[in-house]
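S.K.: One structure, pasted below without further comment.
The values are calculated or read from the model by the stated rules, or taken from the named source; none is laboratory data. As the structure is a prediction and not an experimental result, all values here were calculated from the model. Don't worry about glycine lacking a Cβ; one is built from the backbone with ideal geometry, like all the others, and counts go over all protein chains shown.
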Amino acid sequence: MAYTLGIDIGTYETKGVLVDESGTIHAQAARGHKMLVPHPGWAEHRPEEDWWGDFVFICQTLLGESRVDPADIKAVACSAIGPCMLPVDAHGAPLMNAVLYGVDGRAEAEVRELTDRIGEDTIITRGGNALTSQSVGPKILWLKRNRPEIFANTAYILTSTSFLVQRLTGQAVIDHYTAANFSPLYDVATQSWTDDLADGILPLDKLPRLLWSNEIAGQITPKAAEATGLAVGTPVTAGTIDAAAEALSVGADQPGDMMMMYGSTIFIILRAQSQVSDPRIWYAPWLFEGEHASMAGLATSGTLTHWFRDQLARDLDPADAFPVLAKEAAASPPGANGLLMLPYFSGERTPIHDTLAKGALFGLNLTHTRGDMYRALIEGIAYGTRHVTDTFAELGQSPTRLLAVGGGTKNELWVQATSDITGIDQIVCEKTTGASYGDAFLAALAVGLVARGDIAKWNPAERTVTAQAAPIYDTSYDLFRRLYEQTKDIAAEIM
């Protein structure tokens, strides 16, 4: 039997699966970690403990539980949150905590400066994306200005997946899908690194080598084999960002397919026919040469449900709190008895790109219950999601089918509210394991064990969540949009 290994590093949890060539999962494991918030608007991980430490733990657990001979594992693929910014020295050692993706807004001043200097139209034309908190280029400039001693010792700027692949193979590589988020250092037309838009941010030889996600980056080194238990010489793919692997796991791989990932954040990927560049959304080459994707993401989604549980449901056992909260929310009618929540607890990414946006619970009176508040939270996330899907529609990019994935799909209230508010049906596949399962498929694809279309056999559709009309949602959505517009100036002044 031939096996592949997939491991994904998420914002709060690492997951891994060991899968055979038919798609059967023989072992799976998970391990939690924390997102550090050392300063309002910042978000960090510890690369040694949260990334490599988790990776090693998951490898050892999967091998121990499955008793599979490491020699029978034909390939390894990993994915992780991204795009992140991590400076490492010449030995690959991290020089600081990793700066996370768009939930970290520390480089707001650099985003504005580079946009003003280069021009937004030029940035979008050359890089495919406007500069936002999701962009790595401004964060590198922030590093250069604010941590000059670290910058001086930097041999490479890696992202999360690059760091793992380097630990496994000794090779500093990055996939094109992730690299497109390094704007203004990546040119989408030539699909190569460039410094002609912003010379002086970083020497290009400090960026990883570009590969496609199904290409082999290298092989497991003796040192990595000793740490993980994997066999020396096992092929390792270039990998990708978690959301892309998540899309692959449910077969959102054909033009017109849209993946909606219910995780710590809502993340959306649309497989597009061609490049779609608009400052409200993101663009990247897809995982395979010659293909395209458009992306969008909220800043806080599942993270908000955890915040609510920890702060407003302390009377409940944390292990059982979410089913209780869901039952309370289900007793509240659509529209949450007039409550509105802005879910911008870490600013917001698409489509408003406002790092200074704030969360709000509006419309409270003495009759409201915790169930009303929790329902308003769920609906607020769904309104934010509709803002994204409406933006895609305005760009002529409505999906032909939408596939939902991620741990949040187990929250029936959330998924149903999202369909009802967006008006879009959602397909939920048999396996909602997510990115790690997509990684295992990508590894199998890279070494020729499967063809791309085989994902439909690995993970067939299980159910469809059908949108149900609720007229109050159109009214509430309009109020949601107006609430943000009428309070954003105040939010920007609150420190």
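S.K.: Given the condition closer than 25 Å to G338 by Cβ, modelled with pLDDT of 95 or more and in a loop (DSSP other than H, G, I, E, B), answer yes or no: does some residue in region 451-471 qualify?
M.R.: Yes, region 451-471 contains a residue that is closer than 25 Å to G338 by Cβ, modelled with pLDDT of 95 or more and in a loop (DSSP other than H, G, I, E, B).
S.K.: Looking at this structure, is L325 touching a residue at least 12 places away in the same chain (Cβ under 8 Å), under 22 Å from V405 (Cα atoms), touching a strand residue (DSSP E or B) at 6+ places or on another chain (Cβ under 7 Å) and buried (at least 22 other Cβ atoms within 10 Å of the Cβ)?
M.R.: Answer is no for this residue.
S.K.: When you look at T385, is it more than 19 Å from the chain's Cα centre (by Cα), in contact (Cβ under 8 Å) with a residue 12 or more places away in the chain and in the same structural domain as L361 (by TED's automatic domain parsing), yes or no?
M.R.: Values: more than 19 Å from the chain's Cα centre (by Cα): no; in contact (Cβ under 8 Å) with a residue 12 or more places away in the chain: yes; in the same structural domain as L361 (by TED's automatic domain parsing): yes.
For T385, the condition - more than 19 Å from the chain's Cα centre (by Cα), in contact (Cβ under 8 Å) with a residue 12 or more places away in the chain and in the same structural domain as L361 (by TED's automatic domain parsing) - is not met.
S.K.: Restricting attention to region 462-478, which residues are of a type in the set (A, V, I, L, M) and either under 16 Å from H353 (Cα atoms) or more than 28 Å from the chain's Cα centre (by Cα) (or both)? Write out each step before concluding.
M.R.: The first filter runs over region 462-478 and keeps only residues of a type in the set (A, V, I, L, M), leaving 465, 467, 469-470, 472.
Answer for region 462-478, where residues must be of a type in the set (A, V, I, L, M) and either under 16 Å from H353 (Cα atoms) or more than 28 Å from the chain's Cα centre (by Cα) (or both): A469, A470, I472.
S.K.: Which condition breaks for D474 when tested against (1) over 22 Å from M261 (Cα atoms); (2) crowded, with 16+ Cβ neighbours inside 10 Å?
M.R.: D474 satisfies every listed condition except (2).
Per-residue answers, yes or no, for (1) farther than 21 Å from I241 by Cβ; (2) of a type outside the set (A, V, I, L, M); (3) modelled with pLDDT under 95:
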residue: I9; (1), (2), (3): no, no, no
residue: T14; (1), (2), (3): no, yes, no
residue: V19; (1), (2), (3): no, no, no
residue: S22; (1), (2), (3): yes, yes, no
residue: R31; (1), (2), (3): no, yes, no
residue: H45; (1), (2), (3): no, yes, no
residue: W51; (1), (2), (3): no, yes, no
residue: C59; (1), (2), (3): no, yes, no
residue: L63; (1), (2), (3): yes, no, no
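S.K.: Related question: Sort out which residues of region 159-177 are within 16 Å of P47 (Cβ to Cβ), out of contact with any Lys or Arg (no Cβ under 9 Å at 6 or more places or on another chain) and assigned to a helix (DSSP H, G or I), and write them in order of number.
M.R.: If the condition is that a residue be within 16 Å of P47 (Cβ to Cβ), out of contact with any Lys or Arg (no Cβ under 9 Å at 6 or more places or on another chain) and assigned to a helix (DSSP H, G or I), then S160, T161, S162, F163, L164, V165, Q166, L168 are the ones that fit.
S.K.: Would you tally the residues in region 343-352 being closer than 16 Å to D478 by Cα and surrounded by fewer than 22 Cβ atoms within 10 Å (Cβ to Cβ)?
M.R.: The total comes to 2.
S.K.: Residues in region 215-244 that are farther than 23 Å from K15 by Cβ and in a loop (DSSP other than H, G, I, E, B): how many?
M.R.: 4
S.K.: Among P235, P222, P138, which is modelled with pLDDT of 95 or more and within 17 Å of L86 (Cα to Cα)?
M.R.: Numbers: P235 fails: within 17 Å of L86 (Cα to Cα); P222 fails: within 17 Å of L86 (Cα to Cα).
Only one candidate passes the filter, namely P138.
S.K.: Still on this structure, I have one more. Pick out the one residue from A293, A313, A331, A360 that is touching a Leu at 6+ places or on another chain (Cβ under 8 Å), within 15 Å of I378 (Cβ to Cβ) and of a type in the set (G, A, S).
M.R.: Working: A293 fails: within 15 Å of I378 (Cβ to Cβ); A331 fails: touching a Leu at 6+ places or on another chain (Cβ under 8 Å); A360 fails: within 15 Å of I378 (Cβ to Cβ).
Testing whether each residue is touching a Leu at 6+ places or on another chain (Cβ under 8 Å), within 15 Å of I378 (Cβ to Cβ) and of a type in the set (G, A, S) leaves just A313.
S.K.: Could you check A272 against (1) small (G, A, S); (2) buried (at least 19 other Cβ atoms within 10 Å of the Cβ); (3) within 21 Å of N411 (Cα to Cα) and say which number it fails?
M.R.: Result: A272 fails condition (3) only.
S.K.: If we keep just the residues of region 80-115 that are outside any loop (DSSP other than H, G, I, E, B) and among the charged types (D, E, K, R), which is farthest from F267 (Cα to Cα)?
M.R.: Going through the qualifying residues, I end up with E113.
S.K.: Kindly check whether there is at least one residue in region 282-300 that is part of a strand (DSSP E or B), of a type in the set (G, A, S) and either touching a His at 6+ places or on another chain (Cβ under 8 Å) or over 19 Å from N181 (Cβ atoms) (or both).
M.R.: Kept after step one, since they are part of a strand (DSSP E or B), are these residues of region 282-300: 282-285, 292-297.
Of the ones still in play, those that are also of a type in the set (G, A, S) are 284, 293-294, 296-297.
Checking the rest, the ones that are also either touching a His at 6+ places or on another chain (Cβ under 8 Å) or over 19 Å from N181 (Cβ atoms) (or both) come to 284.
The answer is yes, given that some residue of region 282-300 is part of a strand (DSSP E or B), of a type in the set (G, A, S) and either touching a His at 6+ places or on another chain (Cβ under 8 Å) or over 19 Å from N181 (Cβ atoms) (or both).
S.K.: When you scan region 256-265, how many residues do you find that are at pLDDT 95 or above and either under 10 Å from the mean Cα position of the chain (by Cα) or farther than 27 Å from T11 by Cα (or both)?
M.R.: Taking region 256-265 first, the residues at pLDDT 95 or above are 256-260.
Next, only the ones that are either under 10 Å from the mean Cα position of the chain (by Cα) or farther than 27 Å from T11 by Cα (or both) stay: 256.
Adding up the residues that qualify gives 1.
S.K.: I've got another one for you. Every residue in region 433-462 that is of a type outside the set (A, V, I, L, M) and in contact (Cβ under 8 Å) with a residue 40 or more places away in the chain, please.
M.R.: T433, G434, S436, Y437, G438, D439, F441, R452, D454, K457, W458, N459
S.K.: Could you list, in sequence order, the residues of region 116-158 that are in a helix (DSSP H, G or I), surrounded by fewer than 24 Cβ atoms within 10 Å (Cβ to Cβ) and among the aliphatic types (A, V, I, L, M)?
M.R.: Selection gives I118, I124, L141, I150, A152.
S.K.: Residues in region 83-101: is at least one over 22 Å from A224 (Cα atoms), touching a residue at least 24 places away in the same chain (Cβ under 8 Å) and small (G, A, S)?
M.R.: Within region 83-101 (the criterion being over 22 Å from A224 (Cα atoms), touching a residue at least 24 places away in the same chain (Cβ under 8 Å) and small (G, A, S)), the answer is no, since none of the residues qualifies.
S.K.: In region 33-47, how many residues are of a type in the set (D, E, K, R) and either crowded, with 21+ Cβ neighbours inside 10 Å or not assigned by TED's automatic domain parsing to the domain that holds V17 (or both)?
M.R.: Of the residues in region 33-47, 1 are of a type in the set (D, E, K, R) and either crowded, with 21+ Cβ neighbours inside 10 Å or not assigned by TED's automatic domain parsing to the domain that holds V17 (or both).
S.K.: Would you list the strands (runs of 3 or more DSSP E) that sit entirely within region 359-447 and hold 3 or more residues that are out of contact with any Cys (no Cβ under 9 Å at 6 or more places or on another chain)? Can you show your working first?
M.R.: On the way: elements: 360-362, 401-405, 426-429.
Because the criterion is at least 3 residues that are out of contact with any Cys (no Cβ under 9 Å at 6 or more places or on another chain), the strands (runs of 3 or more DSSP E) in region 359-447 that meet it are 360-362, 426-429.
S.K.: Still on this structure, please answer the following. Let me confirm something: among D54, D50, D8, which residue is acidic (D, E), in a strand (DSSP E or B) and either touching a residue at least 60 places away in the same chain (Cβ under 8 Å) or surrounded by 16 or more Cβ atoms within 10 Å (Cβ to Cβ) (or both)?
M.R.: Working: D54 fails: in a strand (DSSP E or B); D50 fails: in a strand (DSSP E or B).
Unique residue meeting the criteria: D8.
S.K.: Being closer than 16 Å to S213 by Cα and within 25 Å of the chain's Cα centre (by Cα) is the requirement here; does Y484 meet it?
M.R.: Values: closer than 16 Å to S213 by Cα: no; within 25 Å of the chain's Cα centre (by Cα): yes.
In short, no.
S.K.: Give region 237-258 a look and list any residue that's under 17 Å from A393 (Cβ atoms) and buried (at least 24 other Cβ atoms within 10 Å of the Cβ), or say none.
M.R.: M258
S.K.: Would you tally the residues in region 226-274 being without any contact (Cβ under 8 Å) to a residue 12 or more places away in the chain and within 23 Å of T159 (Cα to Cα)?
M.R.: Final tally of qualifying residues: 0.
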